[in-house]
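What follows is one structure encoded as structure tokens, with my remarks underneath.
The values are calculated or read from the model by the stated rules, or taken from the named source; none is laboratory data. Keep in mind that what you see is a predicted model, and the values were worked out from it rather than measured. Every residue, glycine as well, gets a Cβ built from its backbone with ideal geometry; the counts of neighbours run over all protein chains shown. Note: accessible area is taken over every heavy atom of the protein model, side chains too, but ligands, DNA and RNA are not part of it. Shrake-Rupley method; radii C 1.70, N 1.55, O 1.52, S 1.80 Å.
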Amino acid sequence: MTLSTAFTEMFGIAHPIALAPMGGSAGGELAAAVSNGGGLGLLGGGNGDLDWLERELPLVAEGTSKPWGVGFQSWAIDARVVEYALGYEPAAVMLSFGDPRLFAELVRRSSAVLIIQVTDLAEARQAVEAGADLIVAQGTEAGGHGARRGWSTLAFAPAVVDLVAPAPVLAAGGIADGRGVAAALALGAAGALIGTRFLATAEALADPDAKKAIVDGDGEETERSSVLDIARGSRWPLEYTGRTLGHPFLDRWRDAEAELAADPDDVRRAYREAIARDEIPAEPVWASRSVCSPRRLRRRSVRRWRV
């Protein structure tokens, strides 16, 4: 069964679903699988690691004859990376987090659709000014990085739809099944961007323990914070926090981000030592509020989820 929206018509795809370009985890195999399944697979180009892109771009380009794309973090890349990805002729390039105008013209000069993800109305206006063909409205329920003080998806998606019309909008944040997609459409969006649900799949480039944690996790255990970025030595701007499952360093340093950022050396050393002792995972478990819904709890009593 297919469902026609402005988004599906834009790419000629069957389903109003796009894979969130989760940096480092949404690799070529996963992006190709989503595209082959009738959605839009978006490769997680993240901070523009060329070694990673050299490996994963051919996998998606050769793995599907359907439309696919690639996503980047605007704050972390340079034009050379965007030009390299465009050489593979993706159907779309998505820019998130940071000023997209630095790279939007590069994309617009190609045949690729320009997708810009926004976390507030100021960013939505900027996306329109940059000439976005498609806009993703990310609510704060989303896993991974997003706005520190963002809107909920339920309120944000229709606000962006009204603001940027006639440009189509995808809703993102806490959407993991058909009911969530139907809700996105009811809010006026043309589809949904889904991340965490695809992270817990065989094709995703995530640690098996992280996948199991997502399957076994609870949305109430997730929280949004910069603590783990600081502890890992990540360069993420502090206005974008990361939603993860629970973690010992969150328990220890919750609400102390300003203190950590001012003098991070001790916590970073402790973080590296805890990884070396195998006390914590090498990477946080990024997860949205959608993990382990009541419906999944009922299913678990019948059969366990398979990754």
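Couple of notes before you dig in:
- Residue pairs whose Cβ atoms lie under 9 Å apart, separated by 6 or more positions or on different chains, with the first residue in the stretch 91-108 and more than 20 Å from Gly146 (Cα to Cα) and the second surrounded by fewer than 22 Cβ atoms within 10 Å (Cβ to Cβ) and aromatic (Phe, Trp, Tyr), are Ala91/Phe11; Ala92/Phe11.
- Condition met for Arg232 (among the charged types (D, E, K, R) and open to solvent by less than 50 Å² (accessible area, probe 1.4 Å)): no
- Of all residues in the stretch 1-41, those that are of a type in the set (Val, Ile, Thr) and within 27 Å of Val285 (Cα to Cα) total 2.
- Test for Asp218: is it in contact with a Cys (Cβ under 9 Å, 6 or more places away or on another chain), closer than 26 Å to Ser290 by Cα and among the charged types (D, E, K, R): yes
- No other residue among Trp52, Trp75 is surrounded by fewer than 20 Cβ atoms within 10 Å (Cβ to Cβ), within 16 Å of His145 (Cα to Cα) and out of contact with any strand residue (DSSP E or B) (no Cβ under 6 Å at 6 or more places or on another chain) apart from Trp75.
- For the stretch 132-148, taking the residues that are farther than 17 Å from Gly46 by Cα and not charged (D, E, K, R), the one that is surrounded by the fewest Cβ atoms within 10 Å (Cβ to Cβ) is identified as Thr140.
- Residue-level analysis places Gly44 outside the set of residues that are more than 18 Å from the chain's Cα centre (by Cα), surrounded by 17 or more Cβ atoms within 10 Å (Cβ to Cβ) and of a type in the set (Gly, Ala, Ser).
- Flag for Asp209 being touching a Pro at 6+ places or on another chain (Cβ under 8 Å) and either touching a residue at least 40 places away in the same chain (Cβ under 8 Å) or not in a strand (DSSP E or B) (or both): yes
- Of the residues making up the stretch 154-198, those that are open to solvent by 20 Å² or more (accessible area, probe 1.4 Å), under 21 Å from Gln126 (Cα atoms), part of a helix (DSSP H, G or I) and out of contact with any helix residue (DSSP H, G or I) (no Cβ under 6 Å at 6 or more places or on another chain) are Ala155, Pro158, Ala159, Val161, Asp162.
- Within the stretch 114-131, considering residues that are more than 18 Å from the chain's Cα centre (by Cα) and hydrophobic (A, V, I, L, M, F, W, C), the one surrounded by the fewest Cβ atoms within 10 Å (Cβ to Cβ): Ala122
- Extreme residue, surrounded by the most Cβ atoms within 10 Å (Cβ to Cβ), among residues of the stretch 92-113 that are under 16 Å from Glu239 (Cα atoms) and small (Gly, Ala, Ser): Ser96
- Every condition in (1) at pLDDT 85 or above; (2) open to solvent by 50 Å² or more (accessible area, probe 1.4 Å); (3) more than 20 Å from Gly174 (Cβ to Cβ); (4) in a loop (DSSP other than H, G, I, E, B) is met by Arg306 except one, and the failing one is (1).
- In this entry, Glu123 is excluded by the filter for residues that are in contact with a helix residue (DSSP H, G or I) (Cβ under 8 Å, 6 or more places away or on another chain) and either of a type in the set (Asp, Glu) or in a strand (DSSP E or B) (or both).
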